[in-house]
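Colleague: The structure is given below, and queries will be raised subsequently.
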Amino acid sequence: MSDLLHNPEFWILVAFVIFVAGTVKLAGGKVVSALDARAERIKAQLDEAQRLREEAQATLASYQRKQREAAKDAEEILTHAQEEAELFRKRAAEDLEAAVARRQKMALDRISQAEADAVQEVREAAVDVAIAATRRLVVEHLDKAKTQELVDQAIKELPKKLH
């Protein structure tokens with residue numbers, strides 16, 4: 001052991017142990033309190049991160065719910081628009097059909113009126129031709145006595161035809 005007391009390495013070791021023990025004694029409380037404070041800060045940061053994560057999840061869930069509702073609303077609007085478009089298409093088809101029927105009836109009425117007018121014109125022309133032909137025949141073939149007799153007979157029949 002005496003060799004040990006004369007050994008410089010031993011004394012360096014003793015000095016080192018004393019230094020470490022003194023440093024631990026003096027700075028140990030500060031280091032421990034610094035480590036405790038750091039641990040508290042880390043724990044607070046972890047708690048804050050957990051709280052923020054939960055808020056983010058709640059916000060995400062809220063936005064997903066709103067997105068589903070918006071998609072549902074959009075689908076309802078699209079369905080309603082398709083129903084209205086179909087209704088408008090049907091109304092337009094009915095209106096077109098009614099307009100075509102009206103125009104067809106008007107055309108048929110015009111044709112019927114034109115036919116009636118043409119028949120009336122033909123009748124009038126036939127009457128005019130018949131009167132002219134009769135006048136010509138009467139003038140050419142009847143003598144004065146026969147003409148007078150026909151006029152007298154027409155005068156006698158006139159009261160019967162007027163009443």
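Colleague: At a 1.4 Å probe radius, carbon and sulfur cover how many percent of the accessible area of the chain?
Modeller: 63 percent
Colleague: Something else now. At 1.4 Å probe size, with every protein chain present, just tell me what the per residue accessible area of the chain comes to in Å².
Modeller: Ligands and nucleic acids excluded, the result is 93 Å² per residue.
Colleague: A follow-up question, please. How far, in nm, would the chain grow between LEU26 and HIS141 when pulled straight, counting 0.36 nm per residue and subtracting the alpha carbon separation?
Modeller: Result for the pair: 24.5 nm of gain on full extension.
Colleague: Might you work out the accessible area of HIS6 for me, using a 1.4 Å probe with all protein chains in place, and round it to the nearest 10 Å²?
Modeller: Solvent-accessible area, nearest 10 Å²: 150 Å².
Colleague: What accessible area, in Å² to the nearest ten, does a 1.4 Å probe give for PHE19?
Modeller: 140 Å²
Colleague: Among LYS146, LYS43, LYS72, which one shows the highest mean-square fluctuation when the chain is modelled as a Gaussian network with alpha-carbon springs under 10 Å?
Modeller: Result: LYS146 has the largest fluctuation of those listed.
Colleague: Next question, about the same structure. Taking N as the number of residues in segment 47-123, what is its Cα Rg relative to 2.2 N^0.38 Å?
Modeller: In units of the 2.2 N^0.38 Å rule of thumb, it is 2.86.
Colleague: Please report, in whole Å, how far the alpha carbons of the chain spread along each principal axis, starting with the longest.
Modeller: Cα spread of the chain along its principal axes, largest to smallest: 199, 34, 17 Å.
Colleague: Where the centre of each part is set by its Cα atoms, how far does segment 1-73 sit from segment 81-114, in angstrom?
Modeller: Taking the Cα centre of each part, segment 1-73 and segment 81-114 sit 86 Å apart.
Colleague: Okay, moving on. At 1.4 Å probe size, with no ligands or nucleic acids counted, give the accessible surface of ASP109 in Å², nearest ten.
Modeller: About 80 Å², rounded to the nearest 10.
Colleague: Ordered by residue, what ³J(HN,Hα) values in Hz, to whole numbers, does segment 87-92 give under the Karplus form 6.51 cos²θ - 1.76 cosθ + 1.60, where θ = phi - 60° and Gly and Pro are x?
Modeller: 4, 4, 4, 5, 4, 5
The values are calculated or read from the model by the stated rules, or taken from the named source; none is laboratory data. Since we're looking at a predicted model, the values are computed, not measured. Please note that ligands, DNA and RNA were not included when accessible areas were found on the heavy atoms of the full protein model with its side chains. Shrake-Rupley method; radii C 1.70, N 1.55, O 1.52, S 1.80 Å.
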